[in-house]
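The values are calculated or read from the model by the stated rules, or taken from the named source; none is laboratory data. Being a predicted model, the structure only gives us computed values, none of them experimental. Note that we place each Cβ from the backbone using ideal geometry, even for glycine, and neighbour counts take in every protein chain shown.
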Amino acid sequence: MRRLAKAIDGLDEPAVEKISKEQRGNPFHVLIATMLSAQTRDQVTHEASTRLFRVAGTPRAMAALTERRIEMLIYPVSFYRNKAEHVRETCRQLVARHGGKVPETMEALLTLPGVGRKTANLVLIEAHGSDENICVDTHVHRISNRLGWVRTKTPDETEQALYRAVARRWWPLVNRYLVTWGQNVCRPVYPLCGTCVLADLCPRMGVTRVGRAKAAQVL
Ligand code: SF4
């Protein structure tokens, strides 16, 4: 993790972390951006979130938009129709059940439509400053298995295994570091093992082919 901390310096941060910084950890914006980010490229998530927040920056304002309007604002994020429905219903529930605030517990967050453990963990870390959660998405799942930190089949299993494998002080940073690494070096296909700062520590579990970095990509 120390090596990664140095290596990611200067690389583009994942979309939700970037939005969290820009919005000073506004829990509502972190929640909505995370909901939009699933299976969507970072740049698209960032642009869609910015468009949506410009029109409606609070749960009350967003709940007042029609689903169609939300769809149009967040397009082209993946599954924009489902996400628009979940976003609107989540906003409605935040207003009706939580006084317009984003809940601070995993249990309460999981009751919101479209919110799973990945979203809830990221909201707890980025918006509520929790240091007791690890957020696992496909990058974190893939890379922690390649590194041999865990041997798991699903992101939920990986999350539980990482609580045992990673020193506690790093928990809130696992997502930021591994997602950034996964987008730039330890990519899903053809990871750039030849230029990876972790190469001498990594058993490369499950890696069958590696990619070649262009000179400008060498890290
Ligand atoms: S050595 Fe290869 S598989 Fe291991 S973390 Fe680096 S890029 Fe990923």
Given (1) within 17 Å of the chain's Cα centre (by Cα); (2) over 23 Å from Lys18 (Cα atoms); (3) assigned to a loop (DSSP other than H, G, I, E, B), identify the lone condition not met by Gly114.
(2)
Which members of the stretch 186-200 meet the condition of being in contact with a Lys or Arg (Cβ under 8 Å, 6 or more places away or on another chain) and either near the ligand (Cβ under 8 Å from one of its atoms) or on the phi < 0 side of the Ramachandran plot (or both)?
Cys186, Pro188, Val189, Pro191, Leu192, Cys193, Gly194, Val197, Leu198
Identify, by number, the condition in (1) small (Gly, Ala, Ser); (2) within 13 Å of the ligand (Cβ to nearest atom); (3) at pLDDT 95 or above that Gly211 doesn't meet.
(3)
Residues that are among the aromatic types (Phe, Trp, Tyr) and touching a residue at least 60 places away in the same chain (Cβ under 8 Å), drawn from the stretch 53-98:
none
Restricting attention to the stretch 119-164, report how many residues are within 16 Å of the ligand (Cβ to nearest atom) and small (Gly, Ala, Ser).
2
Scanning the stretch 130-158 residue by residue, those in contact (Cβ under 8 Å) with a residue 40 or more places away in the chain, surrounded by 17 or more Cβ atoms within 10 Å (Cβ to Cβ) and in a helix (DSSP H, G or I) turn out to be His139, Val140, Arg142, Ile143, Asn145, Arg146
